[in-house]
Amino acid sequence: MSLIDEALRANPALAVGYDSARGGRPAPKIAIVTCADPRLSGILGLLGLSEADVDMIRNVVDDDVIRSLVVSTRLLHTAEIMIINHNGCGLTTFTDPELEARLREETGEFPIAPARFYSFTDTEANTVEQVAKARSHPWISPDVPIRGFVFDVDTGLLSEVLPRTESASSSTR
């Protein structure tokens, strides 16, 4: 039996205790953009945040994520954005051209999408870049704080990554 089949089989019994109040309109307080890596699945517990308070977006900051952040801040009224990258990310293990060549060789297919895989080599620099992408969108209010962090998958600790022009003293915002 596949994992999907196992999940479908387990669902009716597990849904017995489901809180139907969760079906109401979402009202998150913060949007978190983080990697889809399963090692980050428990990050809310490490941050002391409840699921109801978080609009969780599992991706890199790209056009789809910007759309989600605009909806989150403008329609759901999230008040802050937290971007969390992590050490040991799989996107640091290849370049976009390397992966594209490998996939074309393995499949014999040459699709036009995805146009990018967003590989990178420097986690801190990538975090700064993602914060800048989000901050630069005119529909995300300048009143919404956007801060970037690197999660250490070995210790569970976060380190804030400040833009290169900011001093460490401004981390007390």
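The values are calculated or read from the model by the stated rules, or taken from the named source; none is laboratory data. The shown structure was predicted, so the numbers you read here are calculated from the model rather than taken from an experiment. Reconstructed Cβ throughout: ideal geometry from the backbone, glycine too, with neighbour counts over all protein chains shown. For the accessible areas, the whole protein counts, side chains as well, though only heavy atoms, and no ligand, DNA or RNA atoms are used. Shrake-Rupley method; radii C 1.70, N 1.55, O 1.52, S 1.80 Å.
P163 meets all of the listed conditions (1) more than 16 Å from C35 (Cβ to Cβ); (2) in contact with a Gly (Cβ under 9 Å, 6 or more places away or on another chain); (3) open to solvent by 80 Å² or more (accessible area, probe 1.4 Å); (4) not polar (S, T, N, Q) but one, namely (3). Residue selection: D62 satisfies the criterion of being within 13 Å of the chain's Cα centre (by Cα), open to solvent by 20 Å² or more (accessible area, probe 1.4 Å) and touching a residue at least 40 places away in the same chain (Cβ under 8 Å).
Taken over region 129-143, the criterion of being among the hydrophobic types (A, V, I, L, M, F, W, C) and surrounded by fewer than 19 Cβ atoms within 10 Å (Cβ to Cβ) is satisfied by A132, W139.
For region 115-131, the candidate set comprises residues that are in contact with a strand residue (DSSP E or B) (Cβ under 7 Å, 6 or more places away or on another chain) and either outside any helix (DSSP H, G or I) or among the β-branched types (V, I, T) (or both); within that set, the residue that is farthest from V150 (Cα to Cα) is V131. Can you spot a residue in region 68-75 that is modelled with pLDDT of 95 or more, loosely packed, with under 11 Cβ neighbours inside 10 Å and of a type in the set (S, T, N, Q)? Looking for residues that are modelled with pLDDT of 95 or more, loosely packed, with under 11 Cβ neighbours inside 10 Å and of a type in the set (S, T, N, Q), one finds none in region 68-75, hence no.
Looking at region 1-101, the strands (runs of 3 or more DSSP E) lying wholly inside it that each contain 1 or more residues that are small (G, A, S) and closer than 27 Å to V153 by Cβ sit at 30-34.
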